[in-house]
Structure formats: C-alpha cells, structure tokens
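Right, one structure below, let's go through it.
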C-alpha cells in the first residue's frame, strides 16, 4: 500500500477543513443478502480514497491540524477463524499511515472528546443512513460538558463538496489503475463476442447468461475484485431497454447483442459498451444504424478536450445522431422540420434519451459537480419542450486534464408505424472511457474493437 499517497490526500482535505474543523467519514455498512449471508462487502468510496482500508465497521476522523485517527474492529482470533484476518488498532498506524487507531467499540466514548473545542464538524451529507442522528448524539454529549469549559461545535458542513473536487481530477496512480481496469474489461468484451459467434456456428443454444459468464470469468481471471455494476447483456429487442440485466433470453442468428459491462479493480471502475452481431456479421440496416452511432461518438471524442465544456461532447453527438435520424427516416422531416428544429424541440429523444457522458472513477457514476464552480451563480431559465417544465441552466463544467468521463452515444428503435420496419427492435450503444489530456483525450478502453469491420474480423477468428 502506498501510505504516502493516502497521507497526502488526508493532508489536502485537512487544509480545507480549517484549523478548528474536524471530519468524520464512515465506511459502508455491511448489507444482509438473506438469512445468514451478507452481500460481498465493498468499502465506502470516500473512506477508501482517504485511507485504503477495506475492512467493514470502520470510521476515519481527520482534524484541521492534520491529525488522523482510525476506528476499526479489534483483533479477535475466534472471529477471524470465521470471517478472516483483521488488521486491528495496534497494527493500523504503521500499516495505514494514520496517527492513531482505536477499537470501533470506543467510537461513542472518544468521538465527543474529539469534537470538543472544534468549531466545524464535516461529514458527508445524505450518504449514510442515520449518520446525522449519530452526530447529533455526539454533539449532545459535548454540550453536556459546557459547564466544564468545553466548547461545542456550532457549524455542520457537507464533506462531499471538497472530497468531490479532490476525486474529480485523477492522479497518475489512479489513471494507471483505470487503464488496467479498462484493459481487463476490453478483454472480457472480446471474449464474449467470440463466444457468441463460436456457439452459434456450432449450433448451440446461446443465452444471455452464457455471455455474462464469459465476462465474469475474464474479470476475475485478471485480478478484478468485482464487476463495477450489474452487467447488461441484451439480445435483440432487449437492447432497447437501457438498464436491462443479463437474463436467459436466447441469442439468435441475425440479431444484435448489446453488452454494457466493466470490472472494478482496486477500487476503480471501468465502463464499456459494445454492440455486435450475434453471428459476427452485420445486416445492412444494422450496419447503417451502427455506423451512425459510431460517427456520433467520434464527433463527441473530438469535442472532449481541455477547455471544452462537459456538455460539448453531448451536443456534438446529438447533432450527428439527429441528422442521421432524418436521413434514415427515423424522423419525418415533414413533421419535425430542419435539423435545428429537431434538436431544439428534442425530437431525437424518442431514439436517444440519455446523456452522452458521466464522470468515471471509484464509482461508475463518479462524484463531481457537472457545473463550473466559478460560474455557479450564472443562472438562466428555459422551458423543456417535452415536459413543459422550467429548467434552470448553469454553465457546464470546464474539462481539465486528469478528469475521466465516458463517451456513450446510443440509438434505440422500437416498433412504430412511422419507422421503416427493417430498423425495428434495434438497440445500439457504443461506450468508451476517456481521460482528458493536455491536448485532447486518451481512450483507455479501445482494447476492444469499435469499427464494424474490425468487429466482424474479430468474430471470425
């Protein structure tokens, strides 16, 4: 473990707290799956970012003068037989680089004393159930000691703000981990593509769960701890369901398969989507829609560069997709008007209803404001043409080197009398992970082909 890196992060946060500030960061709770089993534990991202400690039942406290204390499970040799190794408070300072460590059973006793004579208490708002109540209880204990000269903090501040800003720009080590995660995930997509074509050529019954199994195998084979999210493996019309989960639907010759899947490695997510012909050969209509989505992604990639706005890739995507919808008669020019009219009135929304990008990092939809902080007060209003709601617009985030985002345009065509039948039930999404660089962006997920000809060549192999 690189304890220096975590110490640097804690020091940077401490500087933001102010000399009379104190921050309280719990890890995630364990979640019960059924009667005697929990879901596989994953630490809270904020907590893990600051100390790299992966055990449950732990808390981190950081003070404005740069001191840090960990509360964790004590050593218990009997429990370790059942549940595995515990680091314990005695070993934690040397192993993690924190200044002190205590048994988590001492939290309610020690926390009030740590809060005494502090002015501001920082903790992540609205992220941990009942955390506010816990803090209130500790403050009540402090207030009961004012007759003995103790000063009670009189301000509560949201820790998500400064931590989100810190996490938004990835350092060199984070970028290296994310490149590796994307590399593993790209290999998993290749494995699933090849498996689909191979099984169909051999005359086997192919199901979505077969390809899901290939993804999971490749993730774990190369050291990933978990999938970053529930994998989407959608055959045929299922690809038009945005959050479809891999099930038992058959994968048929002549249909497309959409896979949206990525692994998590050492706390960092990858997020890749590829759409491919189940048998390895695009039909004419499939290829026409696929090439349109790919062209829109290339426009978005060109717009992803330092100094651009976060919304610029989306606007570039929408322009290409909408023109393509008009050309392919997915939209009727006589009804929607010109390209500018179709964009202004959001007619494209019938076939492209999500955004082109989101932040990526420790969480697959990572933290970080999408509004430029220096311009947050610049507000304009507009009326949404679809819902009629009044929307407040604020200037979009300016992209900076080290920010990581997805670029994922899509096109989803459900049956309709107004649409050529050859396009019915086709859903296509192409998604890559991009690190903003000083000169543009680096696509870290292109280890899996994206060009239609290259996909077909891969699946023939």
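Do you know which of the residues in region 20-41 that are in contact with a strand residue (DSSP E or B) (Cβ under 9 Å, 6 or more places away or on another chain) and surrounded by fewer than 17 Cβ atoms within 10 Å (Cβ to Cβ) is nearest to residue 66 (Cα to Cα)?
Initially, region 20-41 is screened for residues in contact with a strand residue (DSSP E or B) (Cβ under 9 Å, 6 or more places away or on another chain), giving 20-27, 30-32, 38-40.
Then drop every residue that is not surrounded by fewer than 17 Cβ atoms within 10 Å (Cβ to Cβ), which leaves 20, 30-32, 38-40.
Numbers: 20: 11, 30: 29, 31: 32, 32: 36, 38: 35, 39: 35, 40: 33 Å.
If we take residues in region 20-41 being in contact with a strand residue (DSSP E or B) (Cβ under 9 Å, 6 or more places away or on another chain) and surrounded by fewer than 17 Cβ atoms within 10 Å (Cβ to Cβ), then 20 is nearest to residue 66 (Cα to Cα).
For region 112-133, which residues satisfy the criterion of being under 19 Å from residue 69 (Cβ atoms) and either assigned to a loop (DSSP other than H, G, I, E, B) or outside the structural domain of residue 71 (by TED's automatic domain parsing) (or both)?
116, 117, 118, 119, 124, 128
Within region 288-295, can one find any residue that is assigned by TED's automatic domain parsing to the domain that holds residue 437, outside any helix (DSSP H, G or I) and either in contact (Cβ under 8 Å) with a residue 24 or more places away in the chain or touching a strand residue (DSSP E or B) at 6+ places or on another chain (Cβ under 8 Å) (or both)?
no
If you go through region 314-333 one residue at a time, do you hit one that is surrounded by fewer than 16 Cβ atoms within 10 Å (Cβ to Cβ), free of Cβ contacts under 8 Å to residues at least 60 places away in the same chain, in the same structural domain as residue 236 (by TED's automatic domain parsing) and out of contact with any helix residue (DSSP H, G or I) (no Cβ under 9 Å at 6 or more places or on another chain)?
No, because not a single residue in region 314-333 is surrounded by fewer than 16 Cβ atoms within 10 Å (Cβ to Cβ), free of Cβ contacts under 8 Å to residues at least 60 places away in the same chain, in the same structural domain as residue 236 (by TED's automatic domain parsing) and out of contact with any helix residue (DSSP H, G or I) (no Cβ under 9 Å at 6 or more places or on another chain).
So, in region 106-125, of the ones that are under 33 Å from the mean Cα position of the chain (by Cα) and free of Cβ contacts under 8 Å to residues at least 60 places away in the same chain, which residue ends up farthest from residue 50 (Cα to Cα)?
Taking the candidates together, the pick is 107.
Going residue by residue through region 81-95, is there one that turns out to be free of Cβ contacts under 8 Å to residues at least 60 places away in the same chain, in contact with a strand residue (DSSP E or B) (Cβ under 8 Å, 6 or more places away or on another chain), in a strand (DSSP E or B) and crowded, with 19+ Cβ neighbours inside 10 Å?
No: zero hits.
Select the helices (runs of 4 or more DSSP H) contained entirely in region 134-226, then report the ones holding at least 1 residues which are in contact with a strand residue (DSSP E or B) (Cβ under 9 Å, 6 or more places away or on another chain) and within 30 Å of residue 456 (Cα to Cα).
Filter on region 134-226 gives 172-201, 208-221.
Among the numbered criteria (1) in a loop (DSSP other than H, G, I, E, B); (2) in contact with a helix residue (DSSP H, G or I) (Cβ under 6 Å, 6 or more places away or on another chain); (3) modelled with pLDDT of 95 or more, which one does residue 230 miss?
(2)
Does residue 273 count as within 22 Å of the chain's Cα centre (by Cα), outside any loop (DSSP other than H, G, I, E, B), within 30 Å of residue 457 (Cβ to Cβ) and assigned by TED's automatic domain parsing to the domain that holds residue 444?
In short, yes.
Please go through region 218-244 and give me each residue that is surrounded by fewer than 16 Cβ atoms within 10 Å (Cβ to Cβ) and closer than 25 Å to residue 180 by Cα, ordered by number.
220, 221, 223, 225, 226, 230
So residue 252 clears everything in (1) in a loop (DSSP other than H, G, I, E, B); (2) closer than 21 Å to residue 433 by Cβ except one condition, right? Which one?
The number of the failed condition is (2).
The values are calculated or read from the model by the stated rules, or taken from the named source; none is laboratory data. Quick caveat, the model's predicted, so the values are computed rather than measured. When we count neighbours, we look across all protein chains shown, and the Cβ atoms used for this are built from the backbone with ideal geometry, even at glycine.
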